[in-house]
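Colleague: Sharing a structure, written as structure tokens. Questions coming.
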Amino acid sequence: MTGSTEGDPPVEFSSPVCGMKDADDVYMGYAGKDELVAFLNSLLEAERAGAKVTLESAREAGSGPIAELMQTIQHDEAHWAGMLARQLKVLGATPSSATGSFHGKAMAIADMGERITFLNRGQGWVVRKLREMLPRVRADALHADLAEMLRSHEANIARASEVAGKAP
């Protein structure tokens, strides 16, 4: 498209706005594939560690509110680990098989109330990372899964905070 006034040479305008839909994700401010793969693998390792911590803690607790809480969170952690592995495969990446260092650190805490507090800090780390990344995720299905994971972790933090105050 050109525009001019009388006597001025024609002005060439840049590409039309409609071309933005074809722009590269990274150019548009979204996370690129490599960044997403690293992010998802980091979360996967953390979720795997959380699942192991809660499984072992539920066994240790035996029965009662702490055992129930740990079982609930363990189920969620395993669910989200599975979702992350699936999303990594959708991206054509191999899911990490590592377990995050969180597991060893958490299990070194003997007092169950303190361990739950530590678990909540780990859940809080996941929440922060998800909040940072969500605006940069362009794929609708991945965005929806990560948003649901965020809500789940926020709910688990609230439940654990309540139970931690009652832990023996």
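Every number here is computed from the coordinates shown, using simple stated rules; none is lab data. Predicted, not measured: the structure shown is a model, and the values here were computed from it. Here the Cβ is made from the backbone with ideal geometry for all residues, glycine too, and neighbour counts use every protein chain on show.
Colleague: Let me know the whole percent of all Cα-Cα pairs from region 56-114 that are separated by more than 19 Å.
Modeller: Working: 751 of 1711 pairs.
The share of Cα pairs beyond 19 Å in region 56-114 comes to 44 percent.
Colleague: Return the FRET efficiency for the residue pair A141, S161: r is the Cβ-Cβ distance, R0 is 22 Å, and the value is rounded to the nearest 0.05.
Modeller: Working: r = 31 Å, r/R0 = 1.41.
Rounded to the nearest 0.05, the efficiency is 0.10.
Colleague: Testing the spin-label approximation: label points 7 Å from Cα along Cα→Cβ at S42 and E154. State their distance in nm.
Modeller: 2.1
Colleague: Name all residues of region 36-60 having a backbone nitrogen under 15 Å from the label point set 7 Å from the Cα of L91 along its Cα→Cβ direction, giving them as ranges.
Modeller: Only 36-47 fall inside the zone, counting backbone N under 15 Å.
Colleague: Can you tell me how much longer the chain between K105 and E35 gets when fully stretched, taken as 0.36 nm per residue apart minus their C-alpha distance, in nm with one decimal? All intermediate terms of the calculation are to be shown ahead of the outcome.
Modeller: Numbers: separation 70, 0.36 × 70 = 25.20 nm, distance 2.66 nm.
Difference between extended and current length: 22.5 nm.
Colleague: Regarding region 113-168, what whole-number volume in Å³ per residue does the convex hull of its Cα atoms give? Before the final figure, lay out the partial values.
Modeller: Numbers: hull volume 3.0 nm³, N = 56.
It comes to 53 Å³ per residue, whole-number rounded.
Colleague: Which of Q87, M112, L69 sits closest to the plus end of the dipole of region 31-164, meaning its Cα is farthest towards the positive end, when Lys and Arg get +1 and Asp and Glu get -1 on the C-beta?
Modeller: Q87
Colleague: Here is a follow-up. Round to a whole angstrom and tell me the spacing of the C-alpha centers of region 34-53 and region 58-105.
Modeller: 9
Colleague: When the convex hull of the C-alpha atoms of region 31-164 is computed, what volume per residue in Å³ does it have? Could the numbers behind the result be given before it?
Modeller: Details: hull volume 11.5 nm³, N = 134.
Enclosed volume per residue, from the Cα hull, is 86 Å³.
Colleague: How many nm is it between the label spots at R128 and R59, if each spot is 7 Å from the Cα in line with the beta carbon?
Modeller: A separation of 3.1 nm, rounded to one decimal place.
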